Amino acid sequence: MKDRWLSERLLHIKNLKSPSDQQRLLLMLSEKLPRTNDEERKLGFIIKAEWAEAKAQKARSDVARIVNAEKESARKSRDRELYQAAGLLILAGLVDTKTGSFLLDRGELLGALVGIDETPVTDAVRVEWKRTGDALIASRERPRKN
């Protein structure tokens, strides 16, 4: 297995545009026959170093894949929340479902949303808004579940 890895690695290094000094020495020593004991020792050290570098590179690649998967998952979660927010605007009849256009003035809608944010949660009108909204959501979810 190690011989196969080494032959594949040597082929990889030969195809590099600018191999490192270590890689050039590895190529030179691997192609030199016969080798002295000192050259064999050096070749062994370089092979170990190249093996370690390849494993480290694979580990970095694996970590990058994990990090990217986490970022992708977070992005998908965020997108889902944004789509749900847009769905609420559609459900309220404030956005056209076919065009995605607002059905009332953007400033008016934004002002209403700011007003909601500034109204205390315990205010009776907020309680009524929640009751109405929960009922509308429940009426839309019931047909899907059946």
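Nothing in this text is a laboratory measurement; each read-out follows from the coordinates by a stated rule. Quick caveat, the model's predicted, so the values are computed rather than measured. A quick note on method: Cβ atoms are made from the backbone with ideal geometry, for glycine too, and the neighbour counts reach across all protein chains shown.
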**Request:** Along Cα→Cβ, 7 Å out, is where each label goes; now give me the distance between the ones at residue 41 and residue 2 in nm to one decimal.
**Result:** 1.8
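Where does the chain land at 222 nm, in deg cm²/dmol rounded to the nearest 500, when only DSSP H runs of n ≥ 4 count, each adding -39500 (n - 2.57), divided by all residues?
Values: 5 runs with 114 residues, N = 146.
It comes out at -27500 deg cm²/dmol, rounded to the nearest 500.
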**Prompt:** Given the pairs 2/58; 14/48; 2/42; 32/55, which span a C-alpha to C-alpha distance of over 20 angstrom in this model?
**Reply:** 32/55
**Request:** Can you tell me the 0 to 90 degree angle between the C-alpha axis of helix 2-14 and the longest principal axis of the chain, rounded to 10?
**Result:** 80
**Rough spin-label spacing in nm, given labels placed 7 Å along Cα→Cβ, for residue 126 and residue 54** = 6.3
**Message:** I'm checking a number: the convex hull volume of the Cα atoms of segment 2-103, normalised per residue, in Å³. What is it?
**Reply:** 156
**Message:** Can you tell me the orientation of helix 124-145 relative to the chain, as the angle in degrees between its alpha-carbon axis and the longest Cα principal axis, to the nearest 10?
**Reply:** 60
**Prompt:** Tell me, in nm to one decimal, what length is gained between residue 137 and residue 90 on full extension, where the rule is 0.36 nm per residue of separation less the Cα-Cα distance?
**Reply:** 15.8 nm
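Between residue 116 and residue 82, how high is the FRET efficiency from 1/(1 + (r/R0)^6) when r is the Cβ-Cβ distance and R₀ = 22 Å? Nearest 0.05. Please report the intermediate quantities before stating the final value.
Working: r = 18 Å, r/R0 = 0.83.
Here the calculated transfer efficiency is 0.75.
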**Request:** Relative to the longest principal axis of the C-alpha atoms of the chain, give the angle of the C-alpha long axis of helix 21-31, reported between 0 and 90° and rounded to the nearest 10°.
**Result:** 50
**Fill in**
At the level of C-alpha centres, the distance separating segment 107-122 and segment 33-51, in angstrom, is 74
